[in-house]
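These notes concern the structure reproduced below.
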Amino acid sequence: MSSIHSDRSIAESPLSNGDLAPTEADRRTWGTYDFAALWIGLSIVITTYTLASGLIAAGMTWWQGLLTVSLGNVIVLIPMLLNAHPGTKYGIPFPVLVRSSFGIRGANVAAMARALVACGWFGIQTWIGALAVDTLMSTLWHGWADVDGHKAIAFGAFWLIQVAIILRGIEGIRWLERTAAPLLIGGSAALLIWAFDAGGGIGNVFSASSKLVTDDQNFWSLFAPGLAANIGYWITLSLNIPDFTRYARDQKSQALGQTLGMPTTMTAFSFVGIAVTAATIVIYGKAIWDPVALIARLLGDQTILLALAMIVIVIAQLSTNMAANVVSPSNDFSNLSPRQITFRMGGLITAVIGIVSLPWKLYEDVGAYIFTWLVGYGSLLAAFAGVMIVDYWILRKTKLDVPDLYRPGAGGRYWFTNGFNVRALLAVAIGVIPVIPGFLNAATTKGGVVADPNFLDQLYRYGVFVAFGLAAVSYFAMAQAVPRESTAAALAE
């Protein structure tokens, strides 16, 4: 009877709607393959392809760049799995989970921090996808390049395709990920085989990788920001991973699927990017960093193969953008006003903001893209992650009062002070403020790397670790200074 009453109270709550309410048992159908496919679809994308290559261009060897990418993804898997747990246990999405740590109203601060970053990423991935569409159209119709604003038209077309998928909801995104995974693996394998075959063998290709270096910075000056950038690459999704794991059959399915899918695919596809780019030096005498440009050159006289290759690239962009940059902000915007904004409407808001963020400007400088954009927002969101993990695992010991997550007003357990957990917000500020001076310095430095870093610049280089650590420790310390009851550390199951 109490369960029925709880379900009714959640359904009638102004903080709930069909997308934010706990996932019903009959919708928890995602197995290990679904989560592995999700990460394959997320990871095999042009921005992953260029992550290690950007580090090599700055001065790393190929194996140092690959090691940095691999280590970063192993590290970020830890908060990913920790924040995934409550999604599966309680069936709740990220903006509802974060109500327990930031308060009913304070949850919108964390949700908007995540959503606005996703909107920027949505624009970047849409722009890259549009370039692939533009190349595809140039292949199919030689007069396409003469059409005024052809890139803008391609951008609009790719944007509309994504809007159509958004309107299908979460199941449309799940179908896309499951379908895309084998195509993306096959396309990556074909590209790697070509590189080693045409480049004269593995040894020859990686010998040529030294020619990718265009700067002379030493490994240790690049390692910290490079590692932080690779952690920052997915630290966003470690916050909102409950948006997916709420559909998991059980904890084992999501944990195993993510462990198999994320670090392995990110490392493997970065390896493909290194090998193929190095091979272009052997074959063409110069590095071709952009896989779209490479494939267009390689298959320029084979229309059918080129069209198929461009379609795979378009699918790669779609699968990443839909999962990484639509699901979270759709729920996050819905959380602002659950009765007025649905998941689909939140997705449309995301798509519009993605256009006005001017993504072609964000992506034009690869150095700034890695060392400023990725590290900067990674530091901010790492502070939120630190608070969430301490709150759920240490203070609450994984126990939440689900009906109270949907209960506004002073009678609710998660109302705190007028709907805000001031300690959580203060902890985020403590984590973020020390890295801001270094961020501003990097943002105003060409390429994003400060040549002679001072102490504040070093804090920024390790920004993900600094923000996470300071926020986590300060939040825990503040929680110990108040009565145990106000932290709800020991709730009944």
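The values are calculated or read from the model by the stated rules, or taken from the named source; none is laboratory data. Given the structure is predicted, the values throughout are model-derived calculations rather than measurements. Cβ: placed from backbone, ideal geometry, glycine included. Neighbour counts: every protein chain shown. Only protein heavy atoms, including side chains, enter the accessible area calculation; ligands, DNA and RNA are left aside. Shrake-Rupley method; radii C 1.70, N 1.55, O 1.52, S 1.80 Å.
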Those residues of the range 168-205 which are acidic (Asp, Glu) and exposed (fewer than 14 other Cβ atoms within 10 Å of the Cβ), in sequence order: Glu171, Asp197
Residue by residue through the range 410-424, note down the ones that are out of contact with any Asp or Glu (no Cβ under 9 Å at 6 or more places or on another chain) and surrounded by 18 or more Cβ atoms within 10 Å (Cβ to Cβ). Phe416, Gly419, Phe420, Arg423
So is Ala37 in contact (Cβ under 8 Å) with a residue 60 or more places away in the chain, closer than 24 Å to Ile185 by Cα, in contact with an Asp or Glu (Cβ under 8 Å, 6 or more places away or on another chain) and open to solvent by less than 10 Å² (accessible area, probe 1.4 Å) or not? yes
With the checklist (1) outside any helix (DSSP H, G or I); (2) farther than 26 Å from Thr139 by Cβ; (3) of a type in the set (Lys, Arg) in hand, flag the one item Lys252 doesn't pass. (1)
Condition check: among the hydroxyl-bearing types (Ser, Thr, Tyr) and in a loop (DSSP other than H, G, I, E, B). Does Thr23 satisfy that? yes
Residues that are of a type outside the set (A, V, I, L, M, F, W, C), within 20 Å of Leu66 (Cα to Cα) and touching a helix residue (DSSP H, G or I) at 6+ places or on another chain (Cβ under 9 Å): list the helices (runs of 4 or more DSSP H) wholly contained in the range 162-241 that include at least 3 such residues. 219-240
Tally of residues being part of a helix (DSSP H, G or I), over 13 Å from Val292 (Cβ atoms), in contact with a helix residue (DSSP H, G or I) (Cβ under 8 Å, 6 or more places away or on another chain) and open to solvent by 30 Å² or more (accessible area, probe 1.4 Å) across the range 122-152: 3
Within the range 239-257, the residues that are among the polar types (S, T, N, Q) and surrounded by 24 or more Cβ atoms within 10 Å (Cβ to Cβ) are Asn240, Thr245, Gln254
Six or more apart or on different chains, Cβ atoms under 9 Å: show the pairs whose first residue is in the range 181-202 and over 15 Å from Ile295 (Cα atoms) and whose second is exposed (fewer than 15 other Cβ atoms within 10 Å of the Cβ) and at pLDDT below 90. Phe196/Ile202; Phe196/Asn204
Please state which one of Ser70, Ser53 is in contact with a Gly (Cβ under 7 Å, 6 or more places away or on another chain) and of a type in the set (S, T, N, Q). Ser53
Hey, could you check the range 430-452 for residues that are open to solvent by less than 40 Å² (accessible area, probe 1.4 Å) and in contact (Cβ under 8 Å) with a residue 40 or more places away in the chain and say which is farthest from Ala58 (Cα to Cα)? Gly431
Return yes when Ala113 is assigned to a helix (DSSP H, G or I) and either at pLDDT below 90 or buried (at least 24 other Cβ atoms within 10 Å of the Cβ) (or both) and no when it is not. no
Unmet requirement for Val292, which otherwise passes all of (1) under 17 Å from Val205 (Cα atoms); (2) in contact with a Leu (Cβ under 7 Å, 6 or more places away or on another chain); (3) in a helix (DSSP H, G or I); (4) β-branched (Val, Ile, Thr): (1)
For the range 330-342, the count of residues that are over 21 Å from Ala180 (Cβ atoms) and either buried (at least 24 other Cβ atoms within 10 Å of the Cβ) or in contact with a Pro (Cβ under 8 Å, 6 or more places away or on another chain) (or both) equals 7
Return a yes/no flag: does the range 444-462 have any residue that is out of contact with any helix residue (DSSP H, G or I) (no Cβ under 6 Å at 6 or more places or on another chain), assigned to a helix (DSSP H, G or I) and at pLDDT 95 or above. no
